[in-house]
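The values are calculated or read from the model by the stated rules, or taken from the named source; none is laboratory data. Remember, predicted model here, so these are calculated numbers, not experimental data. Cβ placement follows ideal geometry from the backbone for every residue including glycine, while neighbour counts extend to all protein chains displayed. Accessible surface is based on the protein model in full, side chains and every heavy atom, while ligands, DNA and RNA are left aside. Shrake-Rupley method; radii C 1.70, N 1.55, O 1.52, S 1.80 Å.
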Amino acid sequence: MRIEMLSTGDEVLQGDIADTNAAWCGQALSDMGLSFSRRQTVADNLDDIVDAMAQAAKRSDWVLVNGGLGPTSDDLSAEAAARLLGTELELNQDWLAKLQAWYQAQDTPMPSSNLKQAMLPKGAALVDNPIGTACGFIIEYAGAQLIFTPGVPSEFKQMLQQQWFPLLAKQQPQAQGEVKRFYTFGLSESSLSDRLDGFALPEGARLGYRSARPSIEVKVFYPRPEPQFTALIDSLRQQLGEHVFSEDQADWALHLQQLMIAQNKKLVLAESCTGGMLASELVAVAGSSAYVERGFVTYSNQAKQQSIGVPESLLAEYGAVSIQTSQAMAEGALRHSEADIALSITGIAGPGGGSEEKPVGTVCFSLSDGKRCFSQQLQMFNRSRSVVRIMSTAVAMDMLRRYLTGLPVMGDYQHLKRVVSKM
């Protein structure tokens, strides 16, 4: 089955907004054993939209058109569809009634501009939008089916999940299968390829990779859960080893939350160069208050002394970016909290502030449980300030994952040089 996606809108084409709908849909189709043959973006120009739809329809079985269903003058998808078919727009009474009822329930008059959202090409099949005012619709042209969807991500996703994906599954049931995902950390794509490309895959199985900093996703698609596929997954798990952060769980923070809650542990954070990024990642998941006890952003030396009791003499002797200071930060955070585990990060994110002894990208980490303190100093070469902070956050999360699962707390990370480690 050949599927193309056509995204419309000046704001998407010019980069004002990222096309997250396309990325999400591509991933969802992959889970179904399907994929896009092409994706393109076209500006808010009627002639260009009509031409793009016509060309895509000639190549495809399905064309997913996203955006341009709103009430404003630059929303052109319905008009373009009518021109493609050589027909007129007509008022869809069913959708008009739903719009009127929706505004009545809100106790507000319906703006006259919303009437445009009930104007569909003659003969189009209505696709319901249960959470918005822009309905979708399906037309046929040149042997292809074109489905028109709203650009609002929540509306787009619900429409596809509830209505389009079931249609695809009926039309190509053999595409349905299973997908196993391993989210890895510490290995590059090239080294993953070296490890896994020699695997003999059973018929119908295929292997894929996706880089999504800071992890690399390794996924295997297989058409049915038979013994040879179970054996393949076990082999992959063994080969990837402790580099697997989680399985089938892309959200690292959620995975850590589940581990922490299962062990009834509380966490405290002490951050310097990451400036609260680690805390932000963890508390982005609902329910994090069950284990995140508190966090300290001690960016200055004075804050390290006043907030978590790092001795002034230690800072003077070893500096703010040192194993000794990261240990004092973790242990001080524990003393100033009710937590069981402390994570600390202190480093030089750049672009300035480095030295020959401690260049930009030098970051120190400590994890303390009150009895033991695991510490390491890593060097992140040629990384931007943003990447140093992102990778530092990821290393800290990986240390916590390793501690909670009984693995060596300090893992091996390609492209990150370990300068010092200490327990």
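Some observations on this one:
- Principal-axis tilt of helix 93-105 within the chain, Cα atoms, nearest 10 degrees: 50
- Share of carbon and sulfur in the accessible heavy-atom surface of segment 283-423 [1.4 Å probe, %]: 49
- Of all DSSP-defined beta bridges confined to the chain, some 65% are antiparallel rather than parallel.
- Rolling a 1.4 Å probe over the protein heavy atoms of segment 1-134, with every protein chain left in place, gives an accessible area that is 47 percent carbon and sulfur.
- When peptides 280-293, 141-154, 190-203 are sorted by average Cβ neighbour count within 10 Å, with the highest value leading, the order is 141-154, 280-293, 190-203.
- Theoretical gain in end-to-end length, residue 197 to residue 128 [0.36 nm per residue, Cα-Cα removed]: 20.4 nm
- As computed over segment 119-232, the Cα convex hull volume per residue (Å³): 164
- Estimated FRET transfer efficiency (residue 16, residue 317; beta-carbon r; R0 30 Å; 0.05): 0.05
- Cross-link reach is defined here as a Cα-Cα straight distance under 14 Å, omitting same-chain residues fewer than 8 places apart; for residue 265 the aspartates and glutamates meeting it are 293, 338, 340, 369.
- Hz values of 3J(HN,Hα) by residue in segment 343-351 - Karplus curve (6.51, -1.76, 1.60), Gly and Pro given as x: 10, 10, 9, 8, x, 10, 7, x, x
- Residues residue 101 and residue 30, FRET efficiency given R0 of 51 Å [Cβ-Cβ distance, rounded to 0.05]: 0.85
- Were the residues from residue 61 through residue 1 laid out at 0.36 nm apart, the gain over their Cα-Cα distance would be 21.0 nm.
- Here the calculated FRET efficiency for residue 421 and residue 211, from their Cβ-Cβ distance with R0 = 35 Å, stands at 0.85, rounded to the nearest 0.05.
- Simple point charges give the picture: +1 on the Cβ of Lys and Arg, -1 on the Cβ of Asp and Glu, and for segment 1-46 a dipole about the Cα centre of about 320 debye.
- Shape category assigned to segment 258-382 from the gyration tensor of Cα positions, a/c cut at 1.5: prolate
- Its DSSP H runs of at least 4 residues, each contributing -39,500 (n - 2.57), put the calculated 222 nm mean residue ellipticity of the chain at -11000 deg cm²/dmol, to the nearest 500.
- In the context of the full set of protein chains, segment 166-246 has a per residue accessible area of 50 Å² (1.4 Å probe).
- Backbone amide hydrogens, once placed in the peptide plane, bring residue 137 within less than 5 Å of 127, 148, excluding anything fewer than 5 places away on its chain.
- Principal-axis analysis of the Cα atoms of the chain puts helix 46-59 at an angle of about 90° to the longest axis.
- Legend: residue pairs 180/422; 58/170; 266/304; 122/180, Cα-Cα distance threshold 32 Å; pairs beyond threshold, 180/422; 122/180.
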